[in-house]
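Written below as structure tokens is the structure these notes are about.
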Amino acid sequence: METLVVDHPLVAHKLTALRDVRTDSPTFRRLADELVTLLAYEATRDVRVTEVTVETPVSPAAGVRLAKPYPLVVPILRAGLGMLDGMTRLLPTAEVGFLGMIRNESTLLAETYATRLPDDLSGRQCYVVDPMLATGGTLAAAVQFLFDRGAVDVTAICLLAAPEGLAYMDKVFANSGKPIRVVTAALDERLNEHGYIVPGLGDAGDRLYGVV
């Protein structure tokens, strides 16, 4: 598994504002959207393209277009919805699937409660968006779900990651032979006894949409 921590001053600036407890929900949503677009730029470096030739006003020019089947963006509900616009802004031709997963706060294991994805993902590149890679259970379950349906490689885009979560992902997929990447704005210190990232930014879903 490949991990990329994006080192860029604008990424650090926006992440600092996201962490601030004084940042209200509307501002948090805007910042998350902007940050995801920056992360997506790095995450899509290996997106598949096909060579084409176009006519400029002066002469023919060689170029590329996204190859088919187009990438599939998969937000993990509900917090991942706050990252969807930032991804589709960069990949407007991408298709979007939804995966509803929730972490059982007693077992810290992921449970699936809703899916809206093609049954056959053969040949597809998938981009999973979820703000927090904490224990790794939810993300690992989501990635495995996509591979089980035929996805050829999966890139996860997270605002923050914890070392424990990355270690868990490494363990689960060590012998999978599948290309997996995690792109994140920061690798934080650790998880606390409740499975939350420290220093983190709190509960991303609550900060995006309020406590429900």
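The values are calculated or read from the model by the stated rules, or taken from the named source; none is laboratory data. Because the structure is predicted, anything quoted here is derived from the model rather than measured. Methodologically, a virtual Cβ is constructed for each residue, glycine included, from the backbone with ideal geometry; neighbour enumeration extends over all protein chains shown. When the accessible area is computed, the model is the full protein with side chains, heavy atoms only, and any ligands, DNA or RNA have been set aside. Shrake-Rupley method; radii C 1.70, N 1.55, O 1.52, S 1.80 Å.
Brief remarks on what is shown
- Selection status of Pro118, at pLDDT 90 or above and surrounded by fewer than 18 Cβ atoms within 10 Å (Cβ to Cβ): no
- Members of the range 177-210 found to be of a type in the set (Val, Ile, Thr) and closer than 16 Å to Gly82 by Cβ, listed by number: Thr184
- Answer residue from the range 179-207, given it is within 16 Å of the chain's Cα centre (by Cα) and of a type in the set (A, V, I, L, M, F, W, C) and is most open to solvent (accessible area, probe 1.4 Å) among those: Leu187
- Cβ-Cβ under 8 Å pairs, at least 6 apart or on other chains, the range 172-193 side under 14 Å from Ala134 (Cα atoms), far side open to solvent by 60 Å² or more (accessible area, probe 1.4 Å) and assigned to a loop (DSSP other than H, G, I, E, B): Val182/Met1; Asp188/Pro199; Glu189/Pro199
- Within the range 191-211, if we keep just the residues that are under 16 Å from Ala79 (Cα atoms) and not in a helix (DSSP H, G or I), the residue that is modelled with the lowest pLDDT turns out to be Val211.
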